[in-house]
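Enquirer: Once you've had a glance at the structure underneath, I'll fire off some questions.
What follows is calculated from the coordinates using simple rules that are stated; it is not laboratory data. Since we're looking at a predicted model, the values are computed, not measured. Reconstructed Cβ throughout: ideal geometry from the backbone, glycine too, with neighbour counts over all protein chains shown.
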Amino acid sequence: MKRLQYLLFILPFILVLGCNKDEDSLAGPPTAKFLFEDGFETQNNAMDELFPSDNTRWSTLQHTDPANATNEISVTNTEFSEGEDALRIVAFPSDSQLSKMDIEKNGLSIQSGDRVAIRADFLIRGREPLTNLLLIDLECCSCWDPNVGDNYGSENQCPGVRLMISGEKDYLTIERGKISGTTLQQTDLVFPRNQWVTVEWEMTLSDNETGQNRLTIDGVEVIDENAMNMPNPQVFRDVFAIEGIDFNLQQPTTYERVQVGATANPTAGRVEMFVDNFTIKVW
Ligand SMILES: [Ca+2]
């Protein structure tokens, strides 16, 4: 009887703990192998403060202007979702140059079998379609075959997975073209505009179909799909063999950098966005 009373006493706590575990699954366990969080807070809205010499914050900018316009990046206190500052990005449409304006954290070491959660808040102004706009890239540059070199465009030399706004109705999707995979599409939720939107992207990494891919927008799960999410040596060998090229993916494949912002803007219009409250966690 006492045992039953004890069970009845602890049961609600077990249930509560169980629920919390589900809700916290995107954030992962408290002990991570790697954790980087940045809310773009500064003293004087100075970009330099985001790149301290001790590497505790961001590593570099990726800034590629189209031929006839200059992209912009700055710290602003006019819009933010956390603290008092956020990153403001203006990316003009691509012409002969693929337009890019984003911020990068490098020096990561994320491998097959790792679980990684990336989270960021975005505010994208305007109502123009955002077709093929890329928001977050996770990339492996060191895995490219140095003997193949750059004959296939610098764009393709860092294989990886990306978050891309797809279709005429602006659905955020998981794009896998750089690892020769199809896009993991959703048509449940149009990307909200002119308001802060929380994007959470969680994966268990694998170079085969056991990889897990989950995407939530403002807490609503829109993708939960098993699929390859790391470059696969045989897939690369086969794809390049069609061109008569002997391609050897360098091992071990490791995602070593993450980029957030307008990581590429192939849209027809000028994109103004704000980014805040970034986290990448690996466990
Ligand atoms: Ca902030």
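Enquirer: For region 102-124, give me the residue count where each residue is part of a strand (DSSP E or B) and small (G, A, S).
Expert: Step one: list which residues in region 102-124 are part of a strand (DSSP E or B), which gives 102-111, 115-124.
Of the ones still in play, those that are also small (G, A, S) are 107, 109, 117, 120.
Final tally of qualifying residues: 4.
Enquirer: Okay, moving on. Hey, could you check region 36-52 for residues that are among the aromatic types (F, W, Y) and out of contact with any helix residue (DSSP H, G or I) (no Cβ under 7 Å at 6 or more places or on another chain) and say which is nearest to the ligand (Cβ to nearest atom)? Before you say what the answer is, go through the steps one by one.
Expert: As a first pass, look at region 36-52 and keep what is among the aromatic types (F, W, Y): 36, 40, 51.
Adding the requirement that they be out of contact with any helix residue (DSSP H, G or I) (no Cβ under 7 Å at 6 or more places or on another chain) leaves 36, 51.
Numbers: F36: 15, F51: 16 Å.
Across region 36-52, the extreme among qualifying residues is F36.
Enquirer: Determine whether W196 is surrounded by fewer than 20 Cβ atoms within 10 Å (Cβ to Cβ), within 16 Å of the ligand (Cβ to nearest atom) and either among the aromatic types (F, W, Y) or farther than 27 Å from T31 by Cα (or both). Talk me through it step by step, then tell me what you get.
Expert: Numbers: surrounded by fewer than 20 Cβ atoms within 10 Å (Cβ to Cβ): yes; within 16 Å of the ligand (Cβ to nearest atom): yes; either among the aromatic types (F, W, Y) or farther than 27 Å from T31 by Cα (or both): yes.
Taking the combined requirement at face value, the residue satisfies it.
Enquirer: Follow-up. What do you reckon, is E225 more than 16 Å from the chain's Cα centre (by Cα), more than 19 Å from I110 (Cβ to Cβ) and in a strand (DSSP E or B)? I'd like the intermediate steps shown before the answer.
Expert: Working: more than 16 Å from the chain's Cα centre (by Cα): yes; more than 19 Å from I110 (Cβ to Cβ): yes; in a strand (DSSP E or B): yes.
Taking the combined requirement at face value, the residue satisfies it.
Enquirer: Inside region 69-105, can you point out the residues that are among the acidic types (D, E) and within 13 Å of the ligand (Cβ to nearest atom)? Full working, then the answer.
Expert: Of all residues in region 69-105, those among the acidic types (D, E) come to 72, 79, 82, 84-85, 95, 102, 104.
Selection gives E79, E82, E84, D85.
Enquirer: Now for a different question. Residue check, E168 against (1) surrounded by fewer than 20 Cβ atoms within 10 Å (Cβ to Cβ); (2) farther than 22 Å from R57 by Cα; (3) touching a residue at least 60 places away in the same chain (Cβ under 8 Å), all met but one. Which one?
Expert: With (1) surrounded by fewer than 20 Cβ atoms within 10 Å (Cβ to Cβ); (2) farther than 22 Å from R57 by Cα; (3) touching a residue at least 60 places away in the same chain (Cβ under 8 Å) applied to E168, the lone miss is (3).
Enquirer: Which one of these does T183 not meet: (1) touching a residue at least 60 places away in the same chain (Cβ under 8 Å); (2) closer than 27 Å to N106 by Cβ?
Expert: Going through (1) touching a residue at least 60 places away in the same chain (Cβ under 8 Å); (2) closer than 27 Å to N106 by Cβ one by one, T183 breaks only (1).
Enquirer: Turning to a different aspect of this structure: If the requirement is being outside any loop (DSSP other than H, G, I, E, B) and either out of contact with any strand residue (DSSP E or B) (no Cβ under 6 Å at 6 or more places or on another chain) or over 21 Å from G177 (Cα atoms) (or both), which of these qualifies: E200, E272, E243, E256? I'd like the intermediate steps shown before the answer.
Expert: Details: E200 fails: either out of contact with any strand residue (DSSP E or B) (no Cβ under 6 Å at 6 or more places or on another chain) or over 21 Å from G177 (Cα atoms) (or both); E243 fails: outside any loop (DSSP other than H, G, I, E, B); E256 fails: either out of contact with any strand residue (DSSP E or B) (no Cβ under 6 Å at 6 or more places or on another chain) or over 21 Å from G177 (Cα atoms) (or both).
After ruling out the rest, the residue left standing is E272.
Enquirer: Specify the residue that is farthest from Q212 (Cα to Cα); the eligible residues are those in region 230-240 that are in a helix (DSSP H, G or I) and not basic (K, R).
Expert: Initially, region 230-240 is screened for residues in a helix (DSSP H, G or I), giving 233-240.
Next, from what is left, pick out any that are not basic (K, R): 233-236, 238-240.
Working: P233: 19, Q234: 20, V235: 18, F236: 20, D238: 23, V239: 23, F240: 26 Å.
Result: F240.
Enquirer: Something else about it: Out of T279, T173, report the one residue that is polar (S, T, N, Q), in a strand (DSSP E or B), within 30 Å of F92 (Cα to Cα) and within 16 Å of the ligand (Cβ to nearest atom).
Expert: On the way: T173 fails: within 16 Å of the ligand (Cβ to nearest atom).
Answer to the check: T279.
Enquirer: Also, quick follow-up: Residues being touching a residue at least 12 places away in the same chain (Cβ under 8 Å) and out of contact with any helix residue (DSSP H, G or I) (no Cβ under 8 Å at 6 or more places or on another chain): count how many of those fall in region 237-252.
Expert: Selection size over region 237-252: 6.
Enquirer: Within region 142-150, identify whether any single residue is under 28 Å from G211 (Cα atoms) and within 19 Å of the chain's Cα centre (by Cα), and answer yes or no.
Expert: Taking every residue of region 142-150 in turn, at least one turns out to be under 28 Å from G211 (Cα atoms) and within 19 Å of the chain's Cα centre (by Cα).
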